[in-house]
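Here's the structure, in structure tokens; my notes come after.
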Amino acid sequence: MHAPRIVLSLVGDGPVPRTWSSAGHLRIGRLPELEIALDDMSVSRLHAEVHLSDDGWAVRDRGSSNGTVLNGVRIGRTPQPLREGDTIQVGALVFKVDHLRTRPLTVRLGPQTVQVEAAAQRTWSEAVDALEPPTAGAARDEKGFLRLLRGGYRLAQPDPAGGTLQEVLNDAVAFFDARRGGVFLLDDATGHLTVRCYAARPGGTATPRPPGKTLAAVAFRGRRSLLFKDSSEAARYQADSAVRGEMNSIICAVLRAPDREIGVLHLDREPDVPPFTESDLSLADSLAAAVALGLDRRELVERHEALFVQTVTALAQAVEMRDTYTGNHTQRVTAYALLLAEELGLPEGQRRQLRVATLLHDIGKIAIDDQILRKPGRLSDPEFEQMRTHVVRGAEIIQMIPGLAWALPVVRGHHERYDGRGYPDGLRGENIPITARVVAVADAFDAMTSDRPYRPGMPAARAFAELQAGAGTHFDPDCVAAFFRARPKVEALLEKEAAERRIAEGGSNTISRAELERERLAARDETSRPTVPNILPNTKTHQPYSGPG
């Protein structure tokens, strides 16, 4: 068991600088009884003090005239932590911390006291920068560890290319020759650590179960990574595996993002394997920093994306409130479009963009006059031309929002036709962006199956038949074929909405005689209104293909 010690040397004090060492404290000044007595008028009688506290070695000023400077920054009477290589300026003299060793750290686990072999308490950037460049003859597989770090950074991507947390943990268990590993993450709701994933060494004898979180909680509460070593009394760790004699060496590396702690990386070895070293702790601490950054950034991106989608959804609903005939149209079209995109195998990133772009596909209707937007019957030629402008108006709105350019193909192009007879640009075939072709199918299907004031919605079977008939003219035939493959899921969504509508309409609310009379008159007016065809390529009513849908 090593004893605590610090060694200070006076910089620029000849070829062999004077040094002082202590296991407890070093007082600096001109008084002869001090541990470091200096005959220099720039130094006060009792100038500064270096001492060992519970948190390690620290330095503080003792009310000097010229001040005490640590690494170029003047300090006061509040103790400031020291590390090897730090410089302490006392008056005109400069000391360097040549060696620093703290007393063994102990933690309380119930009635027991457990010794910690080493600890690391660094900022996120310090942990990342701590990795030394590869050296010739090094025993470690530096490339393997750098691959581990890159895995941590890949976690920051919403669509990681083979960089899942489980994969990173599996690689860490193999790299550190650990018997078992686990990642604990903080549950914001409960304030406790929970197991996110765990792994065992391939071919090892470890039972595939998550490790205990007792020591991980100790490291997390103390906000520093810990190395536990014990050659004789594993049961003192107060962890189930240790009590059973299954392990005697444990690393608990705190997952520290730049501004908060989010969890712990746990690694352990069995008794017949050499214990982890302080070098292992340093490497695990650096890995934990990379993993924490990835997880923290991904969570931040997901939160921002969720907030953005909520905002866009609210905007889309505001538009729909102006057109009472198409209630929930945007949400249904989005659901159908995502099912179709999944069936087509579009990349995850493209599907995420499609989710938002589809919510916005009719945003241009906000610029259409209410008398046109809410007209229950056939639109006149000028009215129909105005309605067609909603795609251009929508594109103009999207172009004013920085970072939303990827939504333009859907907003502007969802009424283009595969045969080139659509609008606004008359694009043909695969010149129409794939996302616009997807939404064109989803938009048409919902328009056909939804009730309108001038006609009831079609049965799903007929709507699918109409899509089939329009494949190659109105619609991309590949999209239509994929939509047919997703038909069971599409019909399940339709049935779910119908069931919810029946529940909402089957409540216990009473209806007055006046309301019944209004319903009767409305029904009479509906039956007397001329029949409007369901599908007309050049219709001037709210129809699926060339109209607004």
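Here are a few things to note about the model shown:
- VAL94 more than 44 Å from the chain's Cα centre (by Cα) and either of a type in the set (Asp, Glu) or surrounded by fewer than 17 Cβ atoms within 10 Å (Cβ to Cβ) (or both): yes
- Residues of the range 340-370 classified as over 24 Å from the mean Cα position of the chain (by Cα) and closer than 23 Å to LYS496 by Cα, total: 2
- In the range 42-88, the residue that is farthest from the chain's Cα centre (by Cα) out of those that are under 19 Å from GLY12 (Cβ atoms), of a type outside the set (A, V, I, L, M) and crowded, with 20+ Cβ neighbours inside 10 Å is HIS47.
- Of all residue pairs spaced 6 or more apart or on separate chains, those with beta-carbon atoms under 6 Å, a first member in the range 374-393 that is touching a residue at least 12 places away in the same chain (Cβ under 8 Å) and among the acidic types (Asp, Glu) and a second member that is open to solvent by less than 50 Å² (accessible area, probe 1.4 Å) and assigned to a helix (DSSP H, G or I) are GLU383/ILE372.
- Residues that are closer than 15 Å to ALA460 by Cα, open to solvent by less than 10 Å² (accessible area, probe 1.4 Å) and within 34 Å of the chain's Cα centre (by Cα), drawn from the range 478-491: PHE483, ALA486, VAL490
- Inspection of the range 453-471 identifies at least one residue that is among the charged types (D, E, K, R), closer than 22 Å to GLN331 by Cβ and open to solvent by less than 30 Å² (accessible area, probe 1.4 Å).
- A Cβ distance below 9 Å, combined with a sequence gap of six or more or placement on separate chains, defines the contacts here; from the range 491-502, residues that are part of a helix (DSSP H, G or I) reach residues that are modelled with pLDDT under 90 in the pairs GLU497/ASN328.
- Selection count where residues are of a type outside the set (A, V, I, L, M) and surrounded by 14 or more Cβ atoms within 10 Å (Cβ to Cβ), scope the range 288-310: 6
- All helices (runs of 4 or more DSSP H) inside the range 387-477 with 3 or more residues being within 38 Å of the chain's Cα centre (by Cα): 390-399, 408-413, 434-449
The values are calculated or read from the model by the stated rules, or taken from the named source; none is laboratory data. What you see is a predicted model; the values in this text were computed from it and never measured. Here the Cβ is made from the backbone with ideal geometry for all residues, glycine too, and neighbour counts use every protein chain on show. The accessibility values were calculated without ligands, DNA or RNA, using every heavy atom of the protein model including side chains. Shrake-Rupley method; radii C 1.70, N 1.55, O 1.52, S 1.80 Å.
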